[in-house]
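Q: Sharing a structure here in structure tokens format.
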Amino acid sequence: MKRILSCMQPTSHLHLGNYLGALKNWVKLQDEGAECFYGVVDLHAITASYDPEQLKDATREIAAAYIAGGVNPYNSALFVQSAVPGHSQMMWLLATMSQMGKLERMTQYKDKAGKDKERAGLGLFAYPVLMAADILLYKATHVPVGEDQKQHLELAREIAATFNTRHKVDHFVQPEPYIMGGATRVMSLRDGSQKMSKSAESDLSRINLTDDADTIAKKIKKAKTDPEPLPDNVKDLEGRPEALNLVTIYASLADKSREKVLKQFAGKSFSDFKPALSELAVSKLAPITSRMNELMNDKAEIDRILAKGAERANAVAAPVLQETMDIMGFWKK
Ligand code: AMP
Ligand code: TRP
């Protein structure tokens with residue numbers, strides 16, 4: 001039986017990369033009948049500077065985006081990380097089996113810490129250990145994420161193996177990264193060599209799930225492209241990262257292969273392709289945006305869903321934490 005777990009940080013609005021690279025796949029797994037845990041990882045969100053006034057609403061917004069994107073809170077446990085105490089407790093236990101050298105090699109840490117490592121926070125450094133705790137605490141078998149999280153998943157697997165070897169047990173499950181579908185790395189609309197991200201300066205570089213139809217159309221119209229028409233096969237998109245990105249986005253939104261999309265648009269220029277992409281993106285995203293807005297107007301309902309989700313998550317997490325502590329030899333009353 002598959003047990004799925006994945007999470008996102010409540011750091012800002014979700015974008016098309018989060019939707020196509022992660023959320024859309026979460027919903028697919030849920031609808032295939034897997035047991036799913038989807039978290040809003042607020043403890044991760046405080047590793048960068050943040051506004052305490054906004055954290056609660058950002059947390060609710062991400063939960064609303066999950067639901068609007070198709071997560072069914074009656075099937076999947078939708079929880080907030082800080083509401084399940086096992087996450088931080090497990091993190092400490094796992095921190096004692098995590099090597100600093102490995103943490104130093106994490107590319108996300110290197111990117112975020114920048115040049116001045118002396119001033120980087122311990123939270124930022126230990127971020128992947130907390131992520132390993134999120135996963136191992138549920139004995140998750142599969143973790144659907146975008147490609148950028150593969151290295152963190154590898155570390156979680158190593159920590160699980162270290163624990164099992166050190167204590168001569170078969171306790172933690174090795175989580176498999178689940179990198180699904182064709183849009184595992186959606187690129188910026190302004191620069192095909194950069195991934196679409198929450199933190200990129202230009203809002204024109206990403207499509208947010210909160211954008212209205214006009215904004216989506218404007219961003220696609222302004223997206224960087226090249227002057228060549230579209231080819232009839234994927235191989236000929238080599239060396240054309242912006243064109244490849246738009247075709248990938250189209251294919252993923254339409255649930256078609258890139259080959260099929262290229263058969264449809266072969267020989268067409270971007271002035272023909274972009275309006276079709278806009279129309280498709282709006283038709284897929286507008287219902288999500290409007291459902292999200294509806295939910296955000298009913299915070300009490302979101303809070304009820306999150307309270308139930310925390311209860312369900314804790315019912316699985318607490319016994320795993322206890323078992324872990326028993327193996328490690330802790331006193332208990
Ligand atoms: P983050 O925005 O870093 O909190 O990421 C949340 C989830 O979205 C993770 O599973 C990421 O791998 C995924 N993700 C983020 N950016 C992209 C992107 N540009 N393309 C595909 N997946 C992404
Ligand atoms: N680090 C992930 C990201 O930036 C978010 C995350 C935290 C996560 N804990 C997780 C993803 C556990 C999957 C499983 O996107």
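Q: Would you mind getting me the FRET efficiency between D226 and D51? Use the beta-carbon distance for r and R0 = 35 Å, nearest 0.05.
A: Efficiency, from the Cβ-Cβ distance: 0.30.
Q: Skipping prolines and chain starts, which residues have an amide H placed within reach, meaning under 5 Å, of the one on M180, given they are 5 or more residues away or on another chain?
A: V145
Q: Indicate the gyration tensor shape class of region 105-158 (rounded, prolate or oblate), computed on the Cα atoms with a ≥ b ≥ c the square roots of the eigenvalues: a/c under 1.5 is rounded; otherwise a/b larger than b/c is prolate and the rest oblate.
A: Judged from the Cα gyration tensor, region 105-158 comes out prolate (a/c at least 1.5, a/b above b/c).
Q: What is the dipole size for the chain, taken about its Cα centre, with +1 at each Lys and Arg Cβ and -1 at each Asp and Glu Cβ, in debye to the nearest 20?
A: 440
Q: On a straight-distance basis, which aspartates and glutamates could pair with K333 in a cross-link, Cα separation under 19 angstrom, same-chain partners fewer than 8 positions away excluded?
A: Cross-link targets: E323.
Q: While we're here: Relative contact order of the chain: what whole-number percent is it, with Cα pairs under 8 angstrom and at least 6 residues apart?
A: Taking the mean separation of contacting Cα pairs over the length of the chain, I get 23 percent.
Q: Please state the charge dipole magnitude for region 211-294, taken about the Cα centre, from unit charges on C-beta atoms (+1 on K and R, -1 on D and E), reported in debye and rounded to the nearest 20.
A: Around 20 debye, computed over region 211-294.
Q: Something else: Testing the spin-label approximation: label points 7 Å from Cα along Cα→Cβ at R304 and E158. State their distance in nm.
A: 4.6
Q: Would you work out what percent of the accessible area of region 98-212, with all protein chains in place, is carbon or sulfur (probe 1.4 Å)?
A: The C+S portion of the solvent-accessible surface of region 98-212 is 48 percent.
Q: Roughly how many whole Å is it from the C-alpha centroid of region 1-45 to that of region 155-202?
A: For region 1-45 versus region 155-202, the Cα centre distance is 12 Å.
Q: Mind running the shape call on the chain? Use the C-alpha gyration tensor, a ≥ b ≥ c as the square roots of the eigenvalues: rounded below 1.5 for a/c, prolate if a/b tops b/c, oblate otherwise.
A: In terms of gyration-tensor shape, prolate.
Q: Provide the per-residue ³J(HN,Hα) series for region 139-144, in order, calculated from phi with Karplus coefficients 6.51, -1.76, 1.60 and θ = phi - 60°, each as a whole number of Hz, with x at glycine and proline positions.
A: 6, 5, 8, 9, 10, x
Q: Right, something else. Which value in nm describes the separation of the simple spin-label points at S271 and Q99, placed 7 Å from the Cα toward the beta carbon?
A: The answer from the label model is 5.8 nm.
Q: Based on DSSP H runs of at least 4 residues, each adding -39500 (n - 2.57), what is the mean residue ellipticity at 222 nm of the chain after dividing by all its residues, to the nearest 500 deg cm²/dmol?
A: Helices in the chain give a 222 nm mean residue ellipticity of -16500 deg cm²/dmol.
Q: Using θ = phi - 60° and the Karplus relation 6.51 cos²θ - 1.76 cosθ + 1.60, list the HN-Hα couplings for region 320-333 in order, rounded to whole Hz, with x at every Gly or Pro.
A: 5, 4, 4, 4, 4, 5, 4, 4, 7, x, 6, 5, 9, 7
Q: Could you tell me which of rounded, prolate or oblate describes region 211-294, using a ≥ b ≥ c as the square roots of the eigenvalues of the alpha-carbon gyration tensor, with rounded for a/c under 1.5 and, failing that, prolate when a/b is larger than b/c and oblate otherwise?
A: It is prolate, given that a/c is not under 1.5 and a/b is the larger ratio.
Q: Using a Gaussian network model of the chain whose springs link C-alpha atoms within less than 10 Å, name the residue from H87, H13, H167 with the highest mean-square fluctuation.
A: H167
Q: While we're on this one: Which order do the peptides 93-100, 311-318, 132-139, 151-158 take when ranked by the mean count of other beta-carbon atoms within 10 Å per residue, highest first?
A: Result, highest mean first: 132-139, 151-158, 311-318, 93-100.
Q: Applying the Karplus parametrisation 6.51 cos²θ - 1.76 cosθ + 1.60 with θ = phi - 60° to the phi angles of region 97-109, what ³J(HN,Hα) value in whole Hz is obtained for each residue in order, glycine and proline being reported as x?
A: Karplus values, whole Hz, x for Gly and Pro: 10, 10, 8, 4, x, 5, 5, 5, 8, 5, 5, 5, 5.
Q: Can you work out the FRET efficiency for the pair S88 and A286, with r the C-beta to C-beta distance and R0 = 45 Å, to the nearest 0.05?
A: 0.75
Q: Enter the angle in degrees (range 0 to 90, nearest 10) between the Cα long axis of helix 52-68 and the first principal axis of the Cα atoms of the chain, meaning the one along which they spread out most.
A: Tilt of helix 52-68: around 70 degrees.
Q: Enter the accessible area per residue of the chain (Å², integer; probe 1.4 Å; all protein chains in place).
A: About 48 Å² of surface per residue is accessible.
Q: For each pair in K195/K219; K198/K218; K56/K102; K150/K235; K256/K284, compute the distance between the two Cα atoms and list the pairs where it is over 21 Å.
A: Among K195/K219; K198/K218; K56/K102; K150/K235; K256/K284, the Cα-Cα distance tops 21 Å for K56/K102; K150/K235.
The values are calculated or read from the model by the stated rules, or taken from the named source; none is laboratory data. All values derive from a computational prediction rather than experimental measurement. Cβ: placed from backbone, ideal geometry, glycine included. Neighbour counts: every protein chain shown. Surface areas here come from the heavy atoms of the whole protein model, side chains and all, with no ligands, DNA or RNA. Shrake-Rupley method; radii C 1.70, N 1.55, O 1.52, S 1.80 Å.
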